[in-house]
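Bear in mind these aren't lab numbers, they're just calculated from the coordinates by the rules spelled out. All figures in this text were calculated on a predicted structure; none of them were measured in a lab. Cβ atoms come from the backbone with ideal geometry, glycine included; neighbour counts cover every protein chain shown.
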Amino acid sequence: MTQPPSSHNSGPLSPGYGVPAQGGMPSPGAPGPYGADAGGLAPVKKTSKAPKILIILGAVILALSVIVGVVLAFIGIGGVAGNLSELEEFSGGSGTITAEAGDSLQIYAEEGAPAPDCMVDGPSVGEGTFQNSSISDGETSWVSVDSFTAEEAGEYTIECSDGPIAVGPPVSIGGIFAGVGGVLLAIGGGTLGFVLLALGVILLIVRKRRA
C-alpha cells in the first residue's frame with residue numbers, strides 16, 4: 001500500500017520561525033536571551049566641577065580683596081591723618097617749631113592765597129624737598145609754598161610776609177597711593193569675586209533643574 005506523505009518537515013527551520021536547536025546559534029538579527037544591550041553598559045557622564053570651582057574662587061577673591069583693600073585704605077588714610085596732626089598753624093605768619101635732626105618740613109599757605117616770602121632761622125637749615133603737597137583739615141585747605149630740612153635738632157623760627165601759614169611734614173605719597181590703591185582693590189577685586197561667585201551659583205542652580 002502507498003503510505004501518505006509525512007507532515008513532519010525534516011528540513012532546517014527558517015530564521016523567522018521557530019527556535020534553533022539546543023546549542024545552535026541564534027538567527028541573524030535576533031535579540032540575545034538577556035536583552036538587546038546585555039553586552040555593554042551605557043557610559044557614565046562625569047559631573048563638571050566648574051560651578052563649585054567658580055563659587056570657591058569667587059568667594060576667596062571677594063573676601064581677600066575686601067579685607068586687603070580696607071586694610072590698605074586705613075593705612076593710607078592713617079598716614080595722611082598723621083601728617084595733618086603734625087601740622088602747626090600760625091595765624092600771624094610767623095612762629096617757632098621744634099624739629100629733630102633730619103626732619104623735612106614744608107611751609108603751607110591757604111589755598112588760593114598769594115604765596116608769602118618766608119625766612120627760616122635755626123641751628124642748621126638745609127635745603128628742602130621738591131615735593132608739592134596739599135592737605136586739608138576739613139575747614140582750611142593748605143598748599144606748600146616753601147620747604148627746608150632741619151639738619152640739627154632744635155627750635156626753628158619761621159617768618160613769612162603774610163599769614164596765616166602752617167608748618168609740617170610733606171604729605172605721605174605712600175599713604176596716598178595706599179589709600180587709593182586700597183579703595184580700588186576693594187571695589188575692583190570685590191566686583192570680580194562677586195561676579196564669579198554669582199556665576200557659579202547660577203550654573204549650579206541650572207544643573208539641578210536639568211537633573
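A compact table of results
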{"quantity": "Environment charge of SER124, counting only residues whose C-beta is closer than 9 Å and scoring Lys/Arg +1, Asp/Glu -1", "calculated": "-2"}
{"quantity": "Segment 54-138: chymotrypsin sites (Phe, Trp or Tyr not before Pro) falling in loop per DSSP and having at most 10 other Cβ within 10 Å", "calculated": "PHE130"}
{"quantity": "Cα-based Rg / Dmax (Å) for segment 151-211", "calculated": "26.6, 82"}
{"quantity": "Table column - 3J(HN,Hα) (Hz), segment 123-133, Karplus curve with 6.51, -1.76, 1.60, x for Gly and Pro", "calculated": "x, 7, 9, x, 5, x, 8, 8, 5, 9, 10"}
{"quantity": "Ratio of Rg to Rh over segment 65-211 (Cα coordinates, Kirkwood Rh, two decimals)", "calculated": "1.30"}
{"quantity": "Sum of side-chain charges, ALA115 neighbourhood, beta-carbon under 10 Å (Lys, Arg +1; Asp, Glu -1)", "calculated": "-3"}
{"quantity": "Cα-centred dipole magnitude for segment 74-211, charges only on beta-carbon of K, R (+1) and D, E (-1), debye, nearest 20", "calculated": "2320"}
